[in-house]
Amino acid sequence: VKYYGEWMREKARQRIGHLYPQVDLPKEYGGGKATVVAWIWARTVPSPDPAFSNVHVPIASSFLLSSKSGKEVWIEPIVDKQAKAITYRIRRGGSKAEILAAKEGTKAGRGANFRCIMSGTAITMDHVRRTAKTGLGQQLIAIVAEGKSARNYLAPTQEHYRIAKSAQPSWRPDLTISPDRRAFTPPDYGMDTFGDLFTDRQLVALNTFSELVQEAREQIEGDGLAAGLSPDSIPLKDGGQGAKAYAEAVSVYLSFAVDRLADAGSSIATWSSSEFIRFTFARQALQMTWDFAECNVLSDSTGNFMGAVDWVWKALTGLSPNASGNEIQHDAQNVIFPGGAIISTDPPYYDNIGYADLSDYFY
């Protein structure tokens, strides 16, 4: 699994590596180039103040990047009212008041309530939802890069913004998200389909790795034949033991890794001030987020593809090498258990958690 995971990542680098450029480090970080860990984005809306209605302002839950005591790092928006422009710079340390303000971002209460950093005007939930009908904006507000002993935090650049926006996915999921607003809130903000939960670059990456699972299966079968596995064409589902069945099994495990990559790689995933990606499913729901982290799937840091492969590998190594069996679903009211059966049950959540609707995300 790890071997073919590396094979897939190298193929992905060849195909989409240009969408994941390195970043230039300033002299204070030693200069040179560094691999990006994540790009931090904030969703934006037009300022509700008529004087600045043509300015898109950030609606961000937090500007805090690192909460390490005494080593706090945060994003400071620089407002130029005369030019009607907002830029972003990285700050380190600061007063308790500054750190607290950074932690709160532009929030002004619960839900989709914010304040306009250009004018101080309240940004209400209604204003956000009206804007969402035609699409919320997105602004790159920081770049996280690998460092020798710690993360390097950098101000955004137009070049990295341009490259991100140049991605053009060949396919976009169009399955509609569940209408249950207890657990699925993105549709309230214009994100009606599962495809809307991803940036174009994220979709390009997920499409690429999904295609590579199919290619890996062919590669695995060929390698299996060369290694002396049986050339029989019996598939895994029919009890096959040859190269074909082996390739199918390994490709299923690689598909699990793509699932985990999808969990890390959506615009619902956020940057934790503990300095890692907080995945899409922080809980059993799809909840709207305002600032989000786009991880570098080709890196060796948080949210990357090989990290997903490693989690699958760890799960496999925990299984007994001699264990085998069949999974059978039964109605608990009339099942007759065979000898040696293992019974797995789930508490009666009723409709409190929509597992079927949630699973559509991965489908």
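The values are calculated or read from the model by the stated rules, or taken from the named source; none is laboratory data. Source: prediction; values computed, not measured. Cβ sites come from the backbone with ideal geometry, for glycine too, and all protein chains shown count toward neighbours. Note: areas computed on protein heavy atoms with side chains; ligands, DNA, RNA excluded. Shrake-Rupley method; radii C 1.70, N 1.55, O 1.52, S 1.80 Å.
Using Cα pairs under 8 angstrom and six or more residues apart, how large is the relative contact order of the chain, in percent?
19
Rounded if a/c is under 1.5, else prolate if a/b beats b/c, else oblate: with a ≥ b ≥ c from the C-alpha gyration tensor eigenvalues square-rooted, which is segment 246-363?
oblate
Once neighbouring chains are kept in place and the probe is 1.4 Å, which whole percent of the accessible area of the chain is contributed by carbon and sulfur?
Heavy-atom surface of the chain belonging to carbon and sulfur, 1.4 Å probe: 51 percent.
Read through the labelled values (i) -0.61, -0.86; (ii) -0.52, -0.79; (iii) -0.77, -0.92 and report the label of the one computed as log10 I(q)/I(0) by the Debye sum over Cα atoms at q = 0.09, 0.11 Å⁻¹ from the structure.
Structure-derived value, by its label: (i).
Given points 7 Å out from each Cα along the Cα-Cβ axis, report the Ser230 to Glu159 separation in nanometres with one decimal.
With each label point 7 Å from Cα toward Cβ, the separation is 5.6 nm.
What list of ³J(HN,Hα) couplings, whole Hz, do you get for segment 29-36 from phi and the Karplus terms 6.51, -1.76, 1.60, once you set θ to phi - 60° and write x for glycine and proline?
Values per residue, Gly and Pro as x: 9, x, x, x, 10, 9, 6, 6 Hz.
Sorted from largest down, what three extents in whole angstroms do the Cα atoms of segment 94-146 have along their principal axes?
Taking max minus min along each principal axis of the Cα atoms, segment 94-146 gives 37, 28, 20 Å.
Starting from the residue with the highest accessible area, list Asp232, Asp174 in decreasing order, probe 1.4 Å.
Listed by decreasing accessible area, they come as Asp174, Asp232.
Using a 1.4 angstrom probe and counting only protein chains, how large is the accessible area of His18 in Å², to 10?
About 130 Å², rounded to the nearest 10.
Cα-Cα over 23 Å: which of Lys27/Lys71; Lys103/Lys148; Lys68/Lys165?
Lys103/Lys148; Lys68/Lys165
Given the Cα atoms of segment 36-171, and with Rh set as the inverse mean 1/r over their pairs in the Kirkwood sense, what is Rg to Rh to two decimals?
Taking Rh as the inverse mean 1/r over Cα pairs, Rg/Rh reads 0.98.
With a ≥ b ≥ c the root eigenvalues of the C-alpha gyration tensor of segment 282-340, is it rounded (a/c under 1.5), prolate (a/b larger than b/c) or oblate?
Oblate.
Restricting things to alpha carbons, find the Rg to Rh ratio for segment 147-206 using the Kirkwood radius for Rh.
Expressed as Rg/Rh, it is 1.13.
Would you kindly derive the ³J(HN,Hα) couplings of segment 218-234 from the backbone phi angles with the Karplus curve 6.51 cos²θ - 1.76 cosθ + 1.60 (θ = phi - 60°), listing them in order in whole Hz, with x for Gly and Pro?
So the Karplus estimates, Gly and Pro as x, are 5, 5, 5, 4, x, 5, x, 5, 5, 8, x, 5, 4, x, 4, 9, 6 Hz.
Helix 2-16 versus the longest principal axis of the chain: what is the Cα-based angle in degrees, 0 to 90, to the nearest 10?
With both axes taken from Cα atoms, the answer is about 40 degrees.
Post the alpha-carbon centroid distance, segment 119-194 to segment 76-92, in whole angstrom.
With segment 119-194 and segment 76-92 each reduced to a Cα centre, they are spaced 20 Å.
Counting helices only, and only those DSSP H runs with n ≥ 4, report the 222 nm mean residue ellipticity of the chain as the sum of -39,500 (n - 2.57) divided by its residues, in deg cm²/dmol to the nearest 500.
Counting only the DSSP helices, I get -9500 deg cm²/dmol.
Tell me whether segment 180-326 comes out rounded, prolate or oblate; compute the Cα gyration tensor, take square roots of the eigenvalues as a ≥ b ≥ c, and use a/c under 1.5 as the rounded threshold.
On the way: a/c = 2.21, a/b = 2.17, b/c = 1.02.
Taking the square roots of the gyration eigenvalues as a ≥ b ≥ c, segment 180-326 is prolate.
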